[in-house]
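Here the structure is laid out as structure tokens; the discussion comes afterwards.
Since every read-out is calculated from the coordinates, none of them should be taken as a lab result. Small disclaimer: the values here were computed from a predicted structure and weren't measured. Because the Cβ atoms are built from the backbone with ideal geometry, glycine has one as well, and the counts that use them run over all protein chains shown.
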């Protein structure tokens, strides 16, 4: 079966993430995600809602192709936020500390 337009958009949102990692974030099996991406199965409303909320996707773009697809920066920010939401409090603190350290301007060596 040929890949559906919705399946192509889901694949685009997944980006470089493995199917397993992306599926885990959306609480579906890798097989189910593969079937969605390949157009062998139509995603249910629960999956679509989770995808839209977790990755801050415009529902009109995802379902109808209206508007612009998410930009790489938007997708990366959404992925970071998704990781944060799935952490326990210790993990969240670690992400905040690491993010603050990485955001510090680097001094140039002459």
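Between 0 and 90 degrees, the angle of helix 45-54 with respect to the longest Cα principal axis of the chain falls at about 20 degrees.
Can you match Cα extents along the principal axes in Å to one of these, (1) 39, 32, 25; (2) 57, 30, 22; (3) 62, 33, 26, based on a calculation from the structure here? Structure-derived value, by its label: (2). Per residue, the chain reaches -19000 deg cm²/dmol at 222 nm when only DSSP H runs of four or more residues are counted, each adding -39500 (n - 2.57).
Taking the C-alpha atoms only, the angle from helix 72-85 to the longest principal axis of the chain is near 80 degrees. Using Cα atoms only, what is the angle between the long axis of helix 89-103 and the major principal axis of the chain, expressed in degrees (0 to 90) to the nearest 10? Tilt of helix 89-103: around 70 degrees.
Along the Cα-to-C-beta direction of residue 29, a point sits 7 Å from the Cα; which residues of the stretch 42-61 have their amide N less than 19 Å from that point? Residues passing the 19 Å test: 42-48. Short-range pairs are left out: with C-alpha atoms under 8 Å and at least six residues apart, the relative contact order of the chain is 21 percent. Were the residues from residue 102 through residue 85 laid out at 0.36 nm apart, the gain over their Cα-Cα distance would be 4.2 nm.
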